[in-house]
Amino acid sequence: MGVNLAAIRAALGQQLAAIPGLRVFTIAPDAPVFPCAVLVPGSPTVEYGLTLGGTQAKLTLYVRVFTGRLNERSAEALLDQFLAESGPSSIPAAVATDPTLGGTVAYALVTRAERYGAWRLGDIDALGVQFVVEVWTG
């Protein structure tokens, strides 16, 4: 398993698409429909040569989840469901269902959620949060 960012994003997106009602994009949509998740490379994007012989790499991906316009009362309650550790809408639980992302990687794990609050998506002020997903290859 090497570093193939496009394949890893696609596998992660496919796994998250199993969450009922969540639309998943591997590139930022022009006109988002809520709720949605946007997968983008994180920072650091790739750390190479983590093992002797350089066979393992670690990637960081961000899963940015947006649930509605900032002023919608239901958006916050829905966002809280995606933040839960378990349940049908849980982002961490969806990744943990198959941490190999269908055999694409050695292991993937949601390590934290951050930046809960207002995000600007085109002309829309949306409520969202960013999940940090660490992925190991090799």
Checklist outcome for this item: For Leu59, the net charge from surrounding residues (Cβ-Cβ under 13 Å; K, R +1; D, E -1) works out to 0
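Could you list the chymotrypsin sites (Phe, Trp or Tyr not before Pro) in segment 18-69 that lie in coil according to DSSP, counting only those with at most 13 other Cβ atoms within 10 Å of their Cβ? Don't jump to the answer; show the numbers that get you there.
Numbers: sites: Phe25, Tyr48, Tyr62, Phe66; in loops: Tyr48.
When the chymotrypsin sites (Phe, Trp or Tyr not before Pro) of segment 18-69 are filtered for loop state and at most 13 Cβ neighbours within 10 Å, Tyr48 remain.
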Checklist outcome for this item: Taking the alpha-carbon centre of each part, the distance from segment 107-131 to segment 58-93 in Å is 8
Checklist outcome for this item: Diffing segment 55-64: the Karplus 3J(HN,Hα) column from phi (6.51, -1.76, 1.60, θ = phi - 60°), in whole Hz with x for Gly and Pro, holds 8, 10, 10, 10, 10, 10, 10, 9, 10, 9
Next on the checklist: Per residue of segment 31-44, what does 6.51 cos²θ - 1.76 cosθ + 1.60 with θ = phi - 60° give for ³J(HN,Hα)? Whole Hz please, x for Gly and Pro, Karplus curve as stated.
Outcome noted: 10, x, 10, 8, x, 8, 10, 10, 9, 9, x, x, 9, x
Checklist outcome for this item: To the nearest 10 degrees, the tilt of helix 73-83 (Cα long axis) against the first principal axis of the alpha carbons of the chain is 20
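Can you give the translational diffusion coefficient of segment 5-136 in µm²/s, computed by Stokes-Einstein from the Kirkwood radius over Cα pairs at 4 °C and 1.567 mPa s? Walk me through the numbers on the way to the answer.
Values: Rh = 15.0 Å.
D = 86 µm²/s.
Can you sort Asp123, Asp98 by how many other beta carbons sit within 10 Å, fewest first?
Details: Asp123 6, Asp98 15.
Result, fewest neighbours first: Asp123, Asp98.
Per the helix-only calculation at 222 nm, which mean residue ellipticity applies to the chain, given -39500 (n - 2.57) for every DSSP H run of n ≥ 4 and division by its residues, nearest 500 deg cm²/dmol?
Working: 3 runs with 30 residues, N = 138.
Counting only the DSSP helices, I get -6500 deg cm²/dmol.
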Item to check | Whole-Hz ³J(HN,Hα) from phi, Karplus 6.51 cos²θ - 1.76 cosθ + 1.60, for segment 130-138, glycine and proline x | outcome: 10, 9, 9, 10, 9, 10, 10, 9, x
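Over segment 16-92, what per residue volume does the convex hull of the Cα atoms give, in whole Å³? Could the numbers behind the result be given before it?
Details: hull volume 8.7 nm³, N = 77.
Enclosed volume per residue, from the Cα hull, is 113 Å³.
Loop-only check: which GluC sites (Glu not before Pro) in segment 54-138 are DSSP coil with at most 11 other Cβ within 10 angstrom? Intermediate values should be presented prior to the final figure.
On the way: sites: Glu72, Glu76, Glu85, Glu114, Glu134; in loops: Glu72, Glu85.
The qualifying sites are Glu85.
Values quoted throughout were computed directly from the atomic coordinates according to the rules given, and no laboratory measurement underlies them. Computed from a predicted model, the values in this text were never measured in an experiment. In this analysis, Cβ positions are derived from the backbone assuming ideal geometry, glycine residues included, and neighbour counts consider all displayed protein chains.
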